[in-house]
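Here is the structure we will look at.
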Amino acid sequence: MSSINRPLAGPTLSYDLSAEAARLRQDPMYRQSGKLGHALVKNGRFRVILTALAAGQAAETANADSAMSIQVLEGSLQVRADGGEQELRQGQLIFTAPGDAHDIRAAQDSLILITVSAQNDDVRPGESRTASGANP
């Protein structure tokens, strides 16, 4: 089902990630390019994106100016961020601060779940919020 025919926001959304992954991998765009992302949730500036990457393909980091997490559901990735480069395998997750993710490349055919939250994008790396949520 395309994003046009299904809700992207609501009080409760649920997905069968295996079925969503199969749809991504069957899509002609994935077969042609070896990569395809599909937004599962769009709520304000919060996004959850399921992305299939063939070995050697890179994920877009267009939202790298926001905090994000990348969870490997299948396969493995090489991730280059300001903290250096590391390999992520199935079942692992990385969090990157705004602007830190530079290169996300599949070491093998992979399925990843990217969560982008610009909810607190006014906080820069090295800054923190107090318990009340205000900047010090």
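Given the structure, is residue 40 under 29 Å from residue 10 (Cα atoms) and either in contact with a strand residue (DSSP E or B) (Cβ under 8 Å, 6 or more places away or on another chain) or in a loop (DSSP other than H, G, I, E, B) (or both)? Here the answer is yes, as residue 40 does meet what is asked. The set of residues in segment 82-109 being under 12 Å from residue 67 (Cα atoms) and in a strand (DSSP E or B) consists of 94, 95, 96, 101.
Checked against (1) within 23 Å of residue 34 (Cβ to Cβ); (2) in contact with a Phe, Trp or Tyr (Cβ under 9 Å, 6 or more places away or on another chain); (3) modelled with pLDDT under 95, residue 52 passes all but a single condition, namely (3). Residue pairs whose Cβ atoms lie under 6 Å apart, separated by 6 or more positions or on different chains, with the first residue in segment 24-41 and at negative phi and the second surrounded by fewer than 17 Cβ atoms within 10 Å (Cβ to Cβ) and of a type in the set (Asp, Glu), are 36/27.
Cβ contacts < 7 Å: first residue more than 15 Å from residue 35 (Cβ to Cβ) and among the charged types (D, E, K, R), restricted to segment 58-70; second residue in a loop (DSSP other than H, G, I, E, B) and at pLDDT 75 or above, any location; separation 6+ or different chain. Result? Every condition considered, the pairs that remain are 65/98; 65/99.
Please go through segment 80-108 and pick out each residue that is hydrophobic (A, V, I, L, M, F, W, C) and within 12 Å of the chain's Cα centre (by Cα). Residues satisfying the conditions are 93, 94, 95, 101, 104. Annotation: of all residues in segment 65-81 being small (Gly, Ala, Ser) and part of a strand (DSSP E or B), the one that is surrounded by the fewest Cβ atoms within 10 Å (Cβ to Cβ) is 69. Between 72, 116, the distinction of being β-branched (Val, Ile, Thr) and modelled with pLDDT of 95 or more belongs to 72 only.
The values are calculated or read from the model by the stated rules, or taken from the named source; none is laboratory data. Since this is a predicted model, take the numbers as computed values, not measurements. Heads up, the Cβs are rebuilt from the backbone with ideal geometry, glycines too, and the neighbour counts pull from every protein chain shown.
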